[in-house]
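Structure, as structure tokens:
We did not get these values from a lab; they are worked out from the coordinates using the rules stated. The shown structure was predicted, so the numbers you read here are calculated from the model rather than taken from an experiment. Positions of Cβ are backbone-derived with ideal geometry, glycine not excepted, and every protein chain shown enters the neighbour counts.
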Amino acid sequence: MFGEGAIERLGEIARELLFKRTLLVADRGLVACGHVERAEKLLAKAGIEVIHFHDFEVNPDTRMVEAGSAFAASQGIDSIIGLGGGSSLDCAKGINFLLTNGGRMQDYLGYGKASKPLLPMIGIPTTAGTGSEAQSYALISDAETHVKMACGARDAAFRAAILDPVLTVSQPRHVTATAGFDAISHAIESYVTTRRNPLSEVFSREAWRLLEANYERALSRPEDTEARGAMQLGAYFAGVAIENSMLGATHACANPLTARYGTEHGVAIALVLPAVVRWNACAVEASYAELLNFSRRPSLNGDASKALAERLEELIKAGELPSKLSAAGIAQADIPTLAREAAEQWTGKFNPRKLDATGAQEIYEWAY
């Protein structure tokens, strides 16, 4: 469900899905800005009892998910609602895995490891970023190694996603910038992976068209719900594309930055995406040219990868994000270690140009 005021349908949708006692997973920022209270009132009006869980942070890890599952197990819930950014949505999914199937999150790494049905869920994103509301995977960090684990199952997809651009107006500018740039990277990466197909390409192209045209507008005019709606829908379409296509070297190189330095995911993406586009040029130049056509940006003397990378650098500047590893406090001496870790990332396996430690090191050096 998409559009201004779509959140008003929450009670109706939850009732249709037979929710009676639901766990509402939302970060504390959503409590402070009043979104949690509003959701609870809508659910209560529909006769649905709400149990709250807010004890998690950005990049939810296995300990947070385990705590949420233990709490939920004592509450007799029959459903889960994720409200917030990707952290809330992924945490809700992770809790669902452990609550219904037991064990540890590490048991569900990959796809299809859950043997029992998961509880029905509703996803309500308040950012335009991860596209988790469109995916059947939960991204949960291992609390000890800090490695991000993609845990997927058919039931891990939300039964309903409510996209209300008004909910995104309250997010800080920095969140708009980092989440939005993450969504942009999803559109670009999913368009060129080795698993791309005609269906995923449709969603990647439309995601790019919406996101590229509205990112700067959403940043400069934060109350513009039309621009925010385009960003939210673009992030959702990019999530659908990922579900059918996966990601590539950008996320493979970004994840070690988060694990080793605690770099925000959207910032880590901004640090490496232009370099990855340049590095991938020899394999997917024609595809990059197609994306440029959708943004009405001509290639530079036929050099689509250069033009696309430069457009991305313009967007990074608009978001006031760091554009070089050196400016983000990344030690040059760590590049070989980061490269080895990037080469082991799952998403890198789908990059259009084969990614190994040597290639990852080259990307980091270009981004430095």
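Points worth noting:
- When only Cα pairs below 8 angstrom with a gap of at least 6 residues are kept, the chain shows a relative contact order of 14 percent.
- Rg/Rh for the stretch 67-119, where both radii come from Cα atoms and Rh is the Kirkwood radius: 0.94
- For the chain, the share of DSSP beta bridges that are antiparallel, to the nearest 5, is 25%.
- Residue-wise HN-Hα coupling along the stretch 246-260, computed from phi with Karplus coefficients 6.51, -1.76, 1.60 (Hz; x: Gly, Pro): 6, 10, x, 5, 4, 6, 5, 7, 6, 4, x, 5, 5, 5, 8
- Ranked for footprinting exposure by Cβ neighbours inside 10 Å, fewest first, Cys151, Cys282, Cys91 give Cys282, Cys151, Cys91.
- A DSSP coil position with no more than 15 other Cβ atoms inside 10 Å describes the following GluC sites (Glu not before Pro) in the stretch 176-276: Glu223.
- On the principal axes of its alpha carbon atoms, the chain extends 62, 41, 38 Å, with the longest extent given first.
- Computed over the stretch 165-245, relative contact order equals 43 percent, with contacts defined as Cα pairs under 8 Å that lie 6+ residues apart.
- CD proxy at 222 nm, helix term only [per DSSP H run n ≥ 4: -39500 (n - 2.57); per residue of the chain; nearest 500]: -17000 deg cm²/dmol
- Tail weight of P(r) past 30 Å, computed on alpha-carbon pairs of the stretch 172-367, percent: 12 percent
- Residue by residue, the stretch 269-275 carries 3J(HN,Hα) couplings of 4, 4, 5, 10, 4, x, 5 Hz when phi is fed to the Karplus relation 6.51 cos²θ - 1.76 cosθ + 1.60 (θ = phi - 60°); x denotes Gly or Pro.
- Distant-in-sequence amide H partners of His52 (H built 1.01 Å from N, under 5 Å): Leu24
- Table column - 3J(HN,Hα) (Hz), the stretch 86-94, Karplus curve with 6.51, -1.76, 1.60, x for Gly and Pro: x, 4, 5, 5, 5, 4, 4, 5, x
- Separation of the stretch 9-60 and the stretch 309-339, taken as the distance between their Cα centroids, equals 37 angstrom.
- Charge dipole magnitude, Cβ of K and R +1, D and E -1 - the stretch 172-367, Cα centre, debye nearest 20: 160 debye
- When peptides 26-35, 172-181 are sorted by average Cβ neighbour count within 10 Å, with the highest value leading, the order is 172-181, 26-35.
- For the stretch 6-167, the tally of Lys pairs with Cα-Cα distances below 15 Å comes to 5, considering only residues 8 or more apart or on different chains.
- Counting neighbouring Cβ atoms within 10 Å and putting the fewest first, the residues Tyr137, Tyr191 line up as Tyr137, Tyr191.
- Applying the criteria of a DSSP loop state and at most 11 other Cβ atoms within 10 Å to the GluC sites (Glu not before Pro) of the stretch 1-88 yields Glu57.
- Among Leu247, Leu118, Leu109, the ranking by other beta carbons within 10 Å of each residue's beta carbon, starting with the fewest, stands as Leu109, Leu118, Leu247.
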